[in-house]
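Novice: Take this structure first; my questions come after.
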Amino acid sequence: MRLLRPTLLVVVLCSACVAPPLEPPRVEAITQIVEKHLSRSKAPGLVIGVIEGKKQSVLGFGRVSLKSEEKPGGATVYEIGSITKVFTTFLLAELAQEGLVGLNDPIRVHLPKDVTAPRSDNKEITFTHLATHTSGLPPVPANLPTFTEDPYANYGADRLYDFLRATNRLKYPVETRYEDSNLGMGLLGHLLERASTMTYEELVVQRVANPLGMRDTRITLTENMKARLAWPYDVDGKPAHGWNFRALAGCGALRSTVNDLLRFAAANLGQGDPRLTGILATCHAVRLKEDVFPDRLRVGLGWHHSPLRAGGKWVIWHNGGTGGYTSFLGFAKETGTAVVVLANCGPTGERDKPSVAEQIGFEVLEYFNP
């Protein structure tokens, strides 16, 4: 396997913050963890951002493209995949606080009148079921063209409604089993669009990105963002295709940077506007902790809670993956630490084999939370 030990380690402060950097021993430990995992993968490069209390650092490794010697950094743009889902659940919590929707609203209330909503014999699917992946809906709709380079690009509301009309039986009865569903979270984002009369991107920009100063967290790439985009590659190091979304944008459409996601992570740690941090805390609150979940997994609105192997501390996290990118964002409120990892390398495709971004993210969190 080709080794990717970086010829240059870029250590920079988040360009939008004034926090001091991590201490050199911390940086060296992070470097060793990243180099170990990166050398075992075919990822061209990655960027990691770390918060420890009031300190922050961003470290870049490798290259933005196999055809370029440019090093990635805090402003390099990546697709963040399913990390988009925790933006969707933030929007749900905020719109619920404002009374535009209710967490326990049946989804049928917000669908067109001619579209039926699947249900169990005695229970309807609610917004909370979508946000906690307990709706009984499958991971993806049966009419999604999965064997394409850009599977969600042509999946509009018409196809979504056709699927719902044709679905007479759920995969599992409502609220009986957790199963991560791009369909469910994408449907949630679509229903929030209908309730607010705004597009999903407008909701994210106006209610999350702009208030937190996240100028590079968007669906639609500006010319400036295109110039800073890391090129996508699959898990085998072959060129891949970026993913685009229509009706199911709420499950994975966002692009962002480590600089931006550090701002989001800091807000999740309770730093900043109390109104925003309060809504985020609502999303963190554990709503499911059945023993049937793997690795003692617990679930909030979109967020996962897992214990670290090192010392038993719990971390709150989400990962992501599209055709050519993988991502990880996790934090431990108890210690005020957070880690963001973005890589231009696609997921492994194996349920029990985490991406290089996720492996690094958890190991760094374990280092900071012994």
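Novice: Can you give me the long-range amide H partners of residue 57? Hydrogens built in the peptide plane at 1.01 Å from N, cutoff under 5 Å, separation of 5 or more residues or another chain.
Specialist: 22, 50
Novice: Run the reach check for residue 226 against lysines, Cα to Cα strictly under 18 Å, same-chain hits fewer than 8 apart removed. What comes back?
Specialist: Residue 226 reaches 67, 71.
Novice: If we count other beta carbons within 10 Å of each Cβ, what is the order of 220, 76, 277, fewest first?
Specialist: The most exposed by this proxy come first: 220, 277, 76.
Novice: Once every DSSP H run of n ≥ 4 in the chain is given -39500 (n - 2.57) and the sum is divided by its residues, what mean residue ellipticity at 222 nm do you get, rounded to the nearest 500 deg cm²/dmol?
Specialist: Helices in the chain give a 222 nm mean residue ellipticity of -8500 deg cm²/dmol.
Novice: Give the order of 276, 66, 187, 342 when sorted by the count of other beta carbons within 10 angstrom, beginning with the fewest.
Specialist: 66, 276, 187, 342
Novice: On full extension of the chain, what length is gained from residue 194 through residue 241, given 0.36 nm per residue of separation minus the C-alpha to C-alpha distance?
Specialist: 14.0 nm
Novice: Pick out which of 180, 234, 352 has the largest mean-square fluctuation in a Gaussian network model of the chain, springs linking Cα atoms closer than 10 Å.
Specialist: Looking only at 180, 234, 352, the biggest GNM fluctuation is shown by 352.
Novice: Mind jotting down the three principal axis lengths of region 215-370 based on Cα atoms? Whole angstrom, largest first.
Specialist: Rounded to whole Å, the extents work out to 40, 37, 31 Å.
Novice: Further question: What lysines sit close enough to residue 333 to cross-link, taking a C-alpha to C-alpha distance under 26 Å and skipping anything fewer than 8 places away on the same chain?
Specialist: 54, 55, 85, 289, 313
Novice: Between 225, 185, 198, which gets the highest mean-square fluctuation from a Gaussian network model of the chain, Cα cutoff 10 Å?
Specialist: Its mean-square fluctuation being the largest, the pick is 198.
Novice: Nearest 10 degrees, 0 to 90: what angle lies between the long axis of helix 274-284 and the longest principal axis of the chain (Cα atoms)?
Specialist: 70 degrees
Novice: If you don't mind, there's one more thing I want to ask. So who's got an amide H within less than 5 Å of the one on residue 125, skipping anything under 5 residues away but keeping other chains? H placed 1.01 Å off N, in plane.
Specialist: 107, 120
Novice: Another one. Using a 10 Å cut-off around each Cβ, can you sort 368, 87 from fewest to most neighbouring Cβ atoms?
Specialist: Listed from fewest to most nearby Cβ atoms, that is 368, 87.
Novice: Quick check: the angle from helix 182-196's long axis to the longest principal axis of the chain, C-alpha only, nearest 10 degrees?
Specialist: Its long axis makes an angle of about 70 degrees.
Novice: I would also like to ask the following. Among 202, 79, 69, which one shows the highest mean-square fluctuation when the chain is modelled as a Gaussian network with alpha-carbon springs under 10 Å?
Specialist: Of 202, 79, 69, the most mobile in the Gaussian network model is 69.
Computed from the coordinates by the stated procedures, all read-outs in this text should not be read as laboratory data. A quick note: this is a predicted structure, and the numbers were derived from the prediction, not measured. Please note: Cβ atoms are built from the backbone with ideal geometry, for glycine as well, and neighbour counts cover all protein chains shown.
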